[in-house]
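**Q** Quick one: this structure, given as structure tokens, is what I'll be asking you about.
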Amino acid sequence: MTTQTWYADTDNDSYGDPNTSLVDCAQPAGYVLDNTDCDDNNAAINPGATEACNGSDDNCNGSADEGITIPTWYADTDNDNYGDPNNSIQSCTQPAGYIADNTDCDDTNVAINPAASETCNGADDNCNGSIDEGISIPTWYADTDNDNYGDPNNSTQACTQPAGYIADNTDCDDNNAAVNPGAAEQCNSADDNCNGSIDDGVTTQTWYADTDNDNYGDPNNSLVDCLQPAGYILDNTDCDDNNTAINPGATETCNGADDNCNAMVDEGNVCGVTMNFKVLLEGNYTGSVSMSNTLNANSLLPLTQPYNTTPWNYGGTETVGNWLAIPNAVDWILVEVRDAADNFTVLETQAAIVLTNGTVVSTNGSTGVTFNTLTTGGNYYFAIRHRNHLDIMSSNAVAVPSSLDFTVMANVMSGTGQAVNLGSSVYGMHAGDVNADGIINVHDYNQYLDDLTNLPTINQYRSSDCNLDSTLGTADFNAYQPNASKLGLHQLRY
């Protein structure tokens with residue numbers, strides 16, 4: 001008999017299991033001739049079934065889920081019903097923790113998803129690709145000095161207040177806690193209260209430049225400030241702020257300047273008192289109120305005053321730079337100032353020069369003799385000394401400054417006894433006091449004779465040259481002889 005191979009059809013789907021078979025001439029119960037079932041335990045799986053998405057080969061064609069679109073599922077870690085597009089799997093059935101949505105932009109934060117409302121937090125709360133859109137983000141200002149006032153020039157925008165930043169922006173110096181709108185204005189050249197003004201409302205003073213550092217300020221150079229600027233003081237009484245020697249505390253000196261700033265120059269007799277004198281010497285008188293200048297013409301006058309020896313012992317340092325500048329000079333004389341109450345007392349002495357016309361000048365040739373110790377308006381006696389003429393004194397104490405003409409007899413003490421009439425009532429000093437002791441006598445003759453005998457006699461500057469012609473001879477004796485026995489004033493004798 002003919003036999004056949006029969007295949008088990010366990011799931012009764014009319015398709016047999018190729019792996020379970022019997023060979024028999026008759027069909028066994030539960031077996032069929034077909035052997036194309038790929039899962040004989042599932043009636044829904046066989047070559048006649050329709051492929052379904054189930055991870056199985058439903059139609060037994062060797063492929064699972066072929067021709068089927070398999071769904072993609074997205075992780076919903078934060079359980080906000082919005083899935084993470086970056087975390088997905090494909091599955092025919094929804095896996096636990098996965099959903100079909102893929103619009104969550106932060107699946108670790110349940111508050112962030114497309115349905116959330118945007119808040120100011122520096123995050124994209126609603127997953128629209130923009131951060132904090134539609135939100136007014138606060139501006140915060142640095143408070144570096146921690147005075148609770150912020151720097152308007154140092155700011156940042158943030159939804160939450162950053163450390164070191166505040167909402168205020170009214171600080172004008174965020175490096176100084178003492179400077180802010182709540183501060184009290186101080187005198188410090190700063191805008192302490194940030195109102196745009198410096199030192200407003202504080203007491204100010206006017207300060208004056210003290211350029212020469214003499215503690216007296218320049219009234220024409222000032223600053224107004226509540227603090228003392230460097231180089232400025234409160235005083236404004238300096239009249240020359242470039243000269244430290246000139247100020248109200250200075251002592252006035254004779255310099256043509258207002259040293260003590262009292263608007264007067266050289267006041268208080270600082271330059272001395274100038275007196276004008278006229279005196280004639282008998283020895284070289286030529287008439288017509290004139291004398292010869294032979295000694296000067298012969299270049300015999302010494303450049304330094306000659307009265308620094310006995311008997312005068314005058315210590316003055318008067319000198320003449322060039323006698324050519326004073327061509328009419330006759331000789332040096334001494335002028336003494338004497339006390340009005342006691343004309344034996346000498347107050348001051350000056351060496352001066354007498355000219356051919358009798359005018360007395362100073363060593364620079366200017367008319368008059370300046371005395372440093374006299375008081376303007378004061379009264380003084382004046383005496384004239386010469387190295388070989390009898391000295392004379394004023395008849396009275398005269399007020400200074402003034403002029404004193406010794407060629408007028410009334411102006412000479414003891415009148416004709418002390419002055420000689422040179423003619424026409426013009427008076428001069430007696431010649432012949434060779435040793436200058438205030439008496440004309442034999443001692444003067446003896447000195448004259450000794451010089452004549454023992455010393456050169458030509459081009460000489462000697463006290464024995466009584467007529468001042470630079471030559472020792474008879475003319476000098478003739479000048480001496482008429483005046484022998486003349487006595488000078490007791491006040492003027494040595």
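**Q** Report the convex hull volume per residue for the range 111-192, counting only C-alpha atoms, in Å³. Show your work: numbers first, answer last.
**A** Details: hull volume 7.1 nm³, N = 82.
Looking at the range 111-192, the number lands at 87 Å³ per residue.
**Q** Let me ask something else about it. Tilt of helix 442-454 relative to the longest C-alpha principal axis of the chain, in degrees (0 to 90, nearest 10)?
**A** The angle comes out at about 80 degrees.
**Q** Could you tell me the distance between the Cα centroids of the range 428-494 and the range 322-378, to the nearest Å?
**A** 23
**Q** Translational diffusion coefficient, Stokes-Einstein: compute it for the range 409-459 using the Kirkwood radius over C-alpha pairs as Rh, at 20 °C and 1.002 mPa s, and state it as an integer in µm² s⁻¹. If you can, show how the numbers build up before the last one.
**A** Working: Rh = 12.8 Å.
Answer from the Stokes-Einstein relation: 168 µm²/s.
**Q** A further question on this structure: Tell me, what HN-Hα J-couplings in whole Hz come from the Karplus equation 6.51 cos²θ - 1.76 cosθ + 1.60 at θ = phi - 60° for each residue of the range 131-137, using x for Gly and Pro?
**A** 9, 6, 5, x, 10, 7, 8
**Q** Turning to a different aspect of this structure: Give me, ordered by chain and number, the residues 5 or more places off Asn113 or on other chains with an amide H under 5 Å from its own placed amide H.
**A** Result for Asn113 returns Cys127.
**Q** In Å, what Kirkwood hydrodynamic radius results for the range 203-271 from the alpha-carbon pair distances?
**A** Details: mean 1/r = 0.0808 Å⁻¹.
For the range 203-271, inverting the mean 1/r across all distinct Cα pairs yields 12.4 Å.
**Q** Using all Cα-Cα distances in the range 434-494, what percent lands in each 10 angstrom bin from 0 up to the longest?
**A** Result, from short to long distances: 25, 52, 21, 2 percent.
**Q** Right, next: Listed highest first by mean packing, meaning other Cβ atoms within 10 Å per residue, what order do 260-270, 183-193 come in?
**A** Numbers: 260-270: 14.5, 183-193: 16.2.
Result, highest mean first: 183-193, 260-270.
**Q** Go ahead and run the numbers for FRET between Thr345 and Cys254, Cβ-Cβ distance against an R0 of 25 Å, rounding to 0.05. Intermediate results must be reported in sequence, preceding the final value.
**A** On the way: r = 25 Å, r/R0 = 1.00.
About 0.50, to the nearest 0.05.
**Q** So which trypsin sites (Lys or Arg not before Pro) in the range 426-494 are both in a DSSP loop and have at most 16 other Cβ atoms within 10 Å of their Cβ?
**A** Working: sites: Arg462, Lys486, Arg493; in loops: Arg462, Lys486, Arg493.
Sites meeting the loop and neighbour criteria: Arg493.
**Q** Arranged by the count of other C-beta atoms within 10 angstrom, fewest first, what order do Cys53, Cys172 take?
**A** On the way: Cys53 16, Cys172 20.
Sorted ascending by nearby Cβ count, the order is Cys53, Cys172.
**Q** For Asn128 and Thr93, what does the FRET efficiency come to when R0 = 22 Å and r is the distance between their Cβ atoms, rounded to the nearest 0.05? Provide the component values of the computation, followed by the final result.
**A** On the way: r = 32 Å, r/R0 = 1.44.
Once rounded, the FRET efficiency stands at 0.10.
**Q** Per-residue HN-Hα couplings for the range 460-466, Karplus 6.51 cos²θ - 1.76 cosθ + 1.60 at θ = phi - 60°, whole Hz, x for Gly and Pro?
**A** 10, 10, 10, 5, 6, 7, 5
**Q** Sticking with this one: Can you tell me the mean projection area, over all orientations, of the convex hull of the chain's alpha carbons? Units nm², please.
**A** Working: hull surface 223.9 nm².
Seen from a random direction, the Cα hull of the chain projects 56.0 nm² on average.
**Q** If amide hydrogens are placed 1.01 Å from N in the peptide plane, which non-local residues have theirs closer than 5 Å to the one on Trp6?
**A** Counting only residues 5 or more places away or on other chains, the set is Leu22, Val23, Asp24.
**Q** Trp140's amide H: which non-local residues (gap 5+, or another chain) put their own amide H closer than 5 Å, with H modeled 1.01 Å from N in plane and none for Pro or chain starts?
**A** Counting only residues 5 or more places away or on other chains, the set is Thr156, Gln157, Ala158.
**Q** For the range 49-59, take each phi angle, set θ = phi - 60°, evaluate the Karplus expression 6.51 cos²θ - 1.76 cosθ + 1.60, and give the result in whole Hz per residue in order, putting x for glycine and proline.
**A** Here the 3J(HN,Hα) series is 7, 8, 4, 10, 7, 8, x, 10, 8, 5, 9 Hz.
All of the numbers you see were taken from the coordinates with simple rules; none came from a lab. Predicted, not measured: the structure shown is a model, and the values here were computed from it. Virtual Cβ from ideal backbone geometry, glycine too; neighbours counted across all protein chains shown.
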